[in-house]
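Undergrad: Below you will find the structure I want to go over with you.
The values are calculated or read from the model by the stated rules, or taken from the named source; none is laboratory data. Keep in mind that this is a model prediction, so the values were computed, not measured. Using ideal geometry, Cβ is built from the backbone for each residue, glycine included, and neighbour counts are taken over all protein chains shown. Surface areas here come from the heavy atoms of the whole protein model, side chains and all, with no ligands, DNA or RNA. Shrake-Rupley method; radii C 1.70, N 1.55, O 1.52, S 1.80 Å.
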Amino acid sequence: MDLPKEYNFKEVEKKWQKRWGKDKLYKFDPKSQKKIFSIDTPPPTVSGNMHIGHAFSYAHEDFIARFKRMNGYNVWYPFGTDDNGLPTERLIEKIKSVKAKDIRRDEFIKLCSKTLKDIRPDFIDDWIKLGMSCDFTEIYSTIDEQSRKISQKSFIDLHKKKLIYQEETPVSWCTTCNTAIAQAEFENRKLNSHFNDVVFLVGTKEILISTTRPELLPACVAVFVNPKDKRYNKLAGEKAKVPLFDYYVPILKDERVDINKGSGAVMCCTFGDMVDVEWWREYKLPLKVTITKDGLMNNEAGNYEGLTIKKARHKIIEDLETNGLLKEKRQITHNVNVHDKCGTELEILKTKQWYIRIMDNKKKLIEQGKKIKWHPEYMLKRYINWVENLQWDWCISRQRFFGVPFPVWYCKKCNEVKIAEEKDLPIDPLYDKPKGRCNCGCSEFVGENDVMDTWATSSVTPQIVLDWDKKGKVPMSLRPQGHDIIRTWAFYTIVKSYYHFNEVPWKDIMISGFVTLQGEKMSKSKGNVINPQDIFEKYGADALRFWSASMEKEVQAGLRTIIKLWNASKFSIMNLQDYKLEKPKKMEVIDKWILGKLNKVINESMEFFNKFDYSKNKMEVERFFWNTFCDNYLEIIKNRLYGGDKIKRLSAQYGLYTTLLNIMKMFAPIMPHITEEIWNLYFKDKEKVESIHTSEWPIYDKKFEDGNIEEIGDKFVEILGKIRQFKTSNKISLKTEVSLTLEKKEYNLLKEALADLKAVANAREIKEGKFNITLC
RNA sequence: GGGCUUGUAGUCUAGUGGCUAUGACGUAUCCUUGACAUGGAUAAGGUCGGAGGUUCAAUUCCUCCCAGGCCCACCA
């Protein structure tokens, strides 16, 4: 059967996506004896469409999945969606016009699960349209029953191992989201502010304190000066009077005070920053809290009670000014940590939270990171850098409504913690009752209100997809993910895997870069965003995938390659109609040459892919296909394909079939649709395999390596180039007949290929002598 | 300030201690050859960011500088 004249990517891509789904081509077979290759797929968040960055990174992992599948692995490539967290909470609130806090927590989670089930197919459609080869028959959600169960089980296991503890301690707090947050959720912002020189009185003397946060004056518990600072060090031990609030705090010496910053004297408040926390701890200072969890001033702030932090700041500055207590006000910009979800400036509040131990085990966690192969390698350094610089244990409790509940109750009488039993999971302690009594004999409990940090659940995706360890054990084969979540997803997963199993979660981790457009990062504000949905429409998924496999800036190159692939296949298959897979007894030298070249590419392609370097693989295969195969080989053998000699024709057919077949296979991971279509139309019957994606990857065979043949072929191409150059510079058609004279050395070398050369060059004759091309 | 990373023709990019530095897009000229004009052929275009150093030899290794990017720290 001939190929249709034109390739209709829209129809073909849709057709195969449907078929693959229907045939369950990518379904994981747990009974298979093949070696497993498992991928810890990143679950995207349902609230929002697929963007181009997604498209690229998911395409990249799919290349690997398809390559491994063709290499005989039993590929476990699960798919899930991340529905645990603020974005989902907001989405459901919007769709269903409800407020999470007005509903029972378990009801809200149910509502989410139900709603997500409805909208998920639509959302996942983009991933299917991209041609992903995940097993879409079982899709997990990070809030579903299984995920809650595993997440709670993880908590219980770590609690047993004493790696989780609860403590009331200063923690970073978001006053908008009303919850504690972890260091990993900090985002840095450059903000404008004022440096205010405020007058503190020491006896009758004035001492200036520079502060950007005068609203914390009522939280001031000490003044610090540097022991080496001659201006102030004599004052140590005395008391300073806090302006406006008129109470006294001690003046203390500490080397952490920067003499050159501001006035050189600092007030310590509970809490303005991390140094305040350190001083508060070390010097056993009292706690004076002036800010509520919602970001309002409390009764400690006296007249300012009830004001927001910002309003209080303005009011206090005004009052300082009118009382002559403000000496100077300078505008500055400084970096402030804000909550990555909402942009609110973070406060430090002393609250009771659950923590997972990190600080004690930093060295070991770095060691774990080193046991994983990072792609690219230097990303490991980012990991190490992050772990080394961690300041706090991982705070996993959030004062939110939506999320995985802690499997924890507190005894009403003695406040002792009671942990749920594993067989009852998942539970919600607000509505489920614990079994048995507290050690104190009391049988009444209060459920834990807090929910877990979403990362506490995301960090067990290997256990979710492996059903803890029923379907397989860590390490999984591969984690693909973005560089921006090394500090969260990668790190926390490594932590959990280490604590639970003393094992790394995966053997390899592949970090995708970010998509740039002409060197610029794509962003909505720059207006240079490209939607994958538009690309699917205009160019198709294969073109998008092809594009993502390289650094080119245009998708169009992808579509061109696809059309070229179609046309080259059409031509080849047209000339292979009568080919019955026979192997010619005698092969022409050019046909041997193309097989040698092909074999080299097969070898390289394998090497690149094994290093997850799909981009170099693409480059090599593309170059071979376009340049060597289309521009040279096809042109050379045309004459033999058309012409009379049956043996020579068969030799060409053999070369053509073998080369095209293997090009198809090597392109299959990158462009799964068109290769499947051509496979289906032609190769399927010959190769007796239903899908190209379950066919065998080309095998490298050393016996095709023949230096002598390669020399002949390369010389052939070189001379062909000279002939083309001659014709072009004389502005004549390549069809024009010429007369060719070759040097003796070359003439002898090319002896067996002269007929082919004569044909492709359109030479009337080839003589021996001084190299020369002439018009006839 | 610390760490990482990049700097190659108009644009994007490959690459290596040594033959004439890769490819694509774009440009120019030609070719309507029986798969493909979304094609083919040919050509022009580069002091490989700058300055030193190691070396017989550096775009490639080292140092410094300049310019981007990413992550972190810096909140008095």
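Undergrad: Select the strands (runs of 3 or more DSSP E) contained entirely in region A:359-440, then report the ones holding at least 3 residues which are open to solvent by less than 80 Å² (accessible area, probe 1.4 Å).
TA: So the answer is A:408-411, A:417-419.
Undergrad: For residues that are within 16 Å of RNA strand B (Cβ to nearest atom) and within 10 Å of the chain's Cα centre (by Cα), scanning just region A:462-493, find the one that is most open to solvent (accessible area, probe 1.4 Å).
TA: A:D484
Undergrad: Still on this structure: Quickly run through region A:677-705 and pick out the residues that are modelled with pLDDT under 95, open to solvent by 70 Å² or more (accessible area, probe 1.4 Å) and either of a type in the set (D, E, K, R) or in a helix (DSSP H, G or I) (or both).
TA: A:K702, A:K703, A:E705, listed by residue number.
Undergrad: Please pick out the residue among A:P429, A:P405 that is within 27 Å of A:S113 (Cα to Cα), more than 28 Å from the chain's Cα centre (by Cα) and at pLDDT 90 or above.
TA: A:P429
Undergrad: Of the residues A:I156, A:I164, A:I124, only one is free of Cβ contacts under 8 Å to residues at least 60 places away in the same chain and touching a strand residue (DSSP E or B) at 6+ places or on another chain (Cβ under 9 Å); which?
TA: Exactly one of A:I156, A:I164, A:I124 is free of Cβ contacts under 8 Å to residues at least 60 places away in the same chain and touching a strand residue (DSSP E or B) at 6+ places or on another chain (Cβ under 9 Å), namely A:I124.
Undergrad: Quick one: how many residues across region A:537-592 are touching a Leu at 6+ places or on another chain (Cβ under 9 Å), among the small types (G, A, S) and within 15 Å of RNA strand B (Cβ to nearest atom)?
TA: Total satisfying the criteria: 6.
Undergrad: Give just the number: which of (1) closer than 23 Å to A:A761 by Cβ; (2) outside any helix (DSSP H, G or I); (3) within 15 Å of RNA strand B (Cβ to nearest atom) does A:F612 not satisfy?
TA: (1)
Undergrad: Determine if region A:91-113 includes at least one residue that is open to solvent by less than 10 Å² (accessible area, probe 1.4 Å) and among the hydroxyl-bearing types (S, T, Y).
TA: no
Undergrad: Which numbered condition in (1) over 41 Å from the mean Cα position of the chain (by Cα); (2) more than 23 Å from A:V199 (Cβ to Cβ); (3) not hydrophobic (A, V, I, L, M, F, W, C) is the only one that A:Q368 fails?
TA: Against the list (1) over 41 Å from the mean Cα position of the chain (by Cα); (2) more than 23 Å from A:V199 (Cβ to Cβ); (3) not hydrophobic (A, V, I, L, M, F, W, C), A:Q368 comes up short only on (1).
Undergrad: Across region A:630-676, what is the total count of residues that are in a loop (DSSP other than H, G, I, E, B), open to solvent by 10 Å² or more (accessible area, probe 1.4 Å) and more than 14 Å from RNA strand B (Cβ to nearest atom)?
TA: Adding up the residues that qualify gives 1.
Undergrad: Just a yes or no: is a residue in region A:154-162 hydrophobic (A, V, I, L, M, F, W, C), under 30 Å from A:Y539 (Cα atoms), buried (at least 21 other Cβ atoms within 10 Å of the Cβ) and under 30 Å from the mean Cα position of the chain (by Cα)?
TA: Looking for residues that are hydrophobic (A, V, I, L, M, F, W, C), under 30 Å from A:Y539 (Cα atoms), buried (at least 21 other Cβ atoms within 10 Å of the Cβ) and under 30 Å from the mean Cα position of the chain (by Cα), one finds none in region A:154-162, hence no.
Undergrad: A follow-up question, please. Is there a residue being free of Cβ contacts under 8 Å to residues at least 40 places away in the same chain and either under 21 Å from A:C112 (Cβ atoms) or away from RNA strand B (no atom under 16 Å from the Cβ) (or both) anywhere in region A:388-397?
TA: No, because not a single residue in region A:388-397 is free of Cβ contacts under 8 Å to residues at least 40 places away in the same chain and either under 21 Å from A:C112 (Cβ atoms) or away from RNA strand B (no atom under 16 Å from the Cβ) (or both).
Undergrad: Filter region A:114-137 for residues that are basic (K, R) and surrounded by 19 or more Cβ atoms within 10 Å (Cβ to Cβ) and give the result.
TA: A:K129
Undergrad: Mind checking which pairs have a first residue in region A:179-206 that is closer than 26 Å to A:E318 by Cβ and open to solvent by 60 Å² or more (accessible area, probe 1.4 Å) and a second that is assigned to a loop (DSSP other than H, G, I, E, B) and near RNA strand B (Cβ under 9 Å from one of its atoms), Cβ under 7 Å, 6 or more apart or different chains?
TA: What qualifies is A:H194/A:T212.
Undergrad: Restricted to region A:44-82, and to residues that are farther than 21 Å from A:K341 by Cβ and among the acidic types (D, E), which residue is nearest to the chain's Cα centre (by Cα)?
TA: Applying the filter and picking the extreme gives A:E61.
Undergrad: If I filter region A:261-282 down to residues being touching a residue at least 60 places away in the same chain (Cβ under 8 Å), under 20 Å from A:W392 (Cα atoms) and open to solvent by 20 Å² or more (accessible area, probe 1.4 Å), which single residue comes out as farthest from RNA strand B (Cβ to nearest atom)?
TA: The selected residue is A:W280.
Undergrad: Restricting region A:240-258 to residues that are surrounded by 17 or more Cβ atoms within 10 Å (Cβ to Cβ) and either within 11 Å of RNA strand B (Cβ to nearest atom) or free of Cβ contacts under 8 Å to residues at least 40 places away in the same chain (or both), which is nearest to A:L201 (Cα to Cα)?
TA: The qualifying residue nearest to A:L201 (Cα to Cα) is A:V249.
Undergrad: Is it fair to say A:W354 is open to solvent by less than 20 Å² (accessible area, probe 1.4 Å), among the aromatic types (F, W, Y), under 24 Å from the mean Cα position of the chain (by Cα) and at pLDDT 95 or above?
TA: When the stated conditions are applied, A:W354 does not pass them.
Undergrad: Which condition does A:M132 not pass, out of (1) under 26 Å from A:C342 (Cβ atoms); (2) away from RNA strand B (no atom under 16 Å from the Cβ), if it passes all the others?
TA: Every condition holds for A:M132 apart from (1).
Undergrad: Then there is this: If a residue has to be more than 8 Å from RNA strand B (Cβ to nearest atom) and not in a strand (DSSP E or B) to count, how many in region A:193-220 make the cut?
TA: 8
Undergrad: Filter region A:533-588 down to residues that are open to solvent by 10 Å² or more (accessible area, probe 1.4 Å), within 24 Å of A:L656 (Cα to Cα) and among the aliphatic types (A, V, I, L, M), then give me how many there are.
TA: The qualifying residues number 5.
Undergrad: With respect to A:T333, determine if the residue is among the hydroxyl-bearing types (S, T, Y), buried (at least 16 other Cβ atoms within 10 Å of the Cβ) and either in a strand (DSSP E or B) or within 14 Å of RNA strand B (Cβ to nearest atom) (or both).
TA: So A:T333 fails the test.
Undergrad: Sticking with this structure for a sec: Residues of region A:47-69 being among the hydrophobic types (A, V, I, L, M, F, W, C) and surrounded by fewer than 22 Cβ atoms within 10 Å (Cβ to Cβ), which ones?
TA: Of everything in region A:47-69, those that are among the hydrophobic types (A, V, I, L, M, F, W, C) and surrounded by fewer than 22 Cβ atoms within 10 Å (Cβ to Cβ) turn out to be A:M50, A:I52, A:F56.
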